[in-house]
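Written out below as structure tokens is the structure these notes cover.
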Amino acid sequence: MTTPVALIDCNNYYVSCERAFDAGLVGVPVIVLSNNDGCAIARSAEAKALGIRMGDPVHFLRDKIAAHGIRVLSSNYALYGDMQRRVVAAIQPFARDFEIYSIDETFVDFAGFEHLDLVAHARAMSAQVRQWTSIPTCVGIGATKTLAKLGNAAAKKNPLFDGVADLREERVRDWVLDRFPARDVWGVGRATAAKLARAGITTAGQLRDMAMKRARGLGTVVLERLIAELRGIPAMAVETIEPQRKGMAVTRSFGTPVNDIETLMGAVAQYAMRAGEKLRQHGLAAGRVTVFFHTDPHKPERPQYSASRTLSAQPMTSDGLVLLALARRGVESAWREGYAITKAGIMLDDLITQDLRPRTLFEEDSDKRVRLMTAMDEVNARFGKFTAVPAVQGFRRGWTARSEARSPNYTTRIAEVPAVRA
């Protein structure tokens, strides 16, 4: 007998986080925009009903926004990240273990709770999340992570489930799988979906009943594993330990185009320092640094230019100043005058645990630099991001992404904590 797994997913997560602190957003259409206020990345149910799709550019929505009084917000990732922490805290008493799958989805291991009515247990978990954060959720329960994911989708789309779909019961599972498109099953990519459609397999039920040998011929062992999961045979455990990252990136679009190298250097310096901070948070060191920048590909009438440079870090490092120096070399090598740069970034790969990084024969004592990085991290954590920065980063950041309608940092900045007046 397999251990039941649940997936709890926050509904319209970014919008729900905003509504938790602004009652004026409840019951009205709301969209949250991507970085640089570019396109819709979260929509309330009311906005979805107006036909706004995920990824719609906001400049195409101006008339609709004005006609229907749609509230438009810039994304506020500090708020969303902190609310996720609160959601997970509310979930913990209801699970043996859990795996944070994304900012709004968490797999929950129900081992040890099998003697309970798990639908009622899941409803209580969902109610606690709602009480602690005001965020509505749906829950899918199954014998495997794939079935839990599929059950969650069913719970969201079909009001018959009242927010919790338990696919451990064969009759319910068959009903859902026979109506769920195979192309939407978790793990089925676009190319595999096309192959399945050509083979006449269009529902999750048909995919489950597919012969394993045929599946391997169509989609390799990955598809075989997916079919096993649909049959209730666990092929993916709940990962309670976060797997080590293989890569890391800090990239941003600019609020206004950058036309000179010094301004670009300031932005790249900020990204390099942030990348170093992320490495240290995860206890990692990087062996390769790639810096890139490019013009706006959506404006072909303007001169186009795209460049990237990859440099090796010898020895492997998490020192932000070393990453910054490498990134500067890359920018100096790739820079060309006469182009309006709209996006840049730093990518790190060849990552290894800091304690296991290979030492070099002539490596200098790095204790002072380690203490310096630690001090900068502590200052920035206590007094806010970019309080302590290298001079090259500058203090006038003309490249900063647009964020014209960002809500306050209600939970992470003391000056912006909501005031209650009696």
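The values are calculated or read from the model by the stated rules, or taken from the named source; none is laboratory data. Note that the structure is a prediction, hence the values are computed from the model and not measured. Quick reminder, even Gly has a Cβ in these numbers, built from the backbone with ideal geometry, and neighbours come from all protein chains shown. Accessible surface is based on the protein model in full, side chains and every heavy atom, while ligands, DNA and RNA are left aside. Shrake-Rupley method; radii C 1.70, N 1.55, O 1.52, S 1.80 Å.
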**Request:** Among the candidates ARG214, ARG252, single out the residue that is open to solvent by 60 Å² or more (accessible area, probe 1.4 Å) and under 14 Å from ALA327 (Cβ atoms).
**Result:** ARG252
**Prompt:** Taking the stretch 43-61, which residues are of a type outside the set (Gly, Ala, Ser) and outside any loop (DSSP other than H, G, I, E, B)?
**Reply:** ARG43, GLU46, LYS48, PRO57, VAL58, HIS59, PHE60
**Asked** Which fully enclosed strands (runs of 3 or more DSSP E) of the stretch 87-203 have 1 or more residues being among the aliphatic types (A, V, I, L, M) and open to solvent by 50 Å² or more (accessible area, probe 1.4 Å)?
**Response** 97-102
**Request:** Please work out if LYS64 is free of Cβ contacts under 8 Å to residues at least 24 places away in the same chain, open to solvent by 80 Å² or more (accessible area, probe 1.4 Å) and part of a helix (DSSP H, G or I).
**Result:** no
**Request:** Residue by residue through the stretch 266-292, note down the ones that are polar (S, T, N, Q), within 14 Å of LEU321 (Cα to Cα) and assigned to a strand (DSSP E or B).
**Result:** none
**Message:** Can you report the number of residues in the stretch 243-265 which are in a helix (DSSP H, G or I) and either in contact (Cβ under 8 Å) with a residue 60 or more places away in the chain or touching a Leu at 6+ places or on another chain (Cβ under 6 Å) (or both)?
**Reply:** 4
**Message:** Cβ-Cβ distance below 8 Å, separation of 6 or more or different chains: which pairs start in the stretch 109-134 with a residue that is touching a residue at least 40 places away in the same chain (Cβ under 8 Å) and end on one that is open to solvent by 60 Å² or more (accessible area, probe 1.4 Å) and in a helix (DSSP H, G or I)?
**Reply:** TRP132/ARG86; THR133/ARG86
**Answer residue from the stretch 404-417, given it is closer than 22 Å to ARG382 by Cβ and part of a loop (DSSP other than H, G, I, E, B) and is most open to solvent (accessible area, probe 1.4 Å) among those** = ARG413
**Asked** Which ones in the stretch 354-403 are at pLDDT 80 or above, touching a Pro at 6+ places or on another chain (Cβ under 8 Å) and open to solvent by 50 Å² or more (accessible area, probe 1.4 Å)?
**Response** PRO358
**Complete:** Of (1) of a type in the set (Gly, Ala, Ser); (2) within 24 Å of GLY38 (Cβ to Cβ); (3) exposed (fewer than 14 other Cβ atoms within 10 Å of the Cβ); (4) out of contact with any Asp or Glu (no Cβ under 8 Å at 6 or more places or on another chain), GLY247 fails just (4)
**Prompt:** Quick check, is ALA40 open to solvent by less than 40 Å² (accessible area, probe 1.4 Å), outside any strand (DSSP E or B) and either farther than 24 Å from LYS156 by Cβ or of a type in the set (A, V, I, L, M, F, W, C) (or both)?
**Reply:** no
**Asked** Which of the residues belonging to the stretch 344-359 are farther than 17 Å from LEU279 by Cβ and in a loop (DSSP other than H, G, I, E, B)?
**Response** ARG359
**Complete:** Scanning the stretch 125-180 residue by residue, those within 24 Å of the chain's Cα centre (by Cα) and of a type in the set (Phe, Trp, Tyr) turn out to be TRP132
**Item:** Per-region count, the stretch 293-343, residues closer than 30 Å to ASP355 by Cβ and outside any loop (DSSP other than H, G, I, E, B)
**Value:** 20
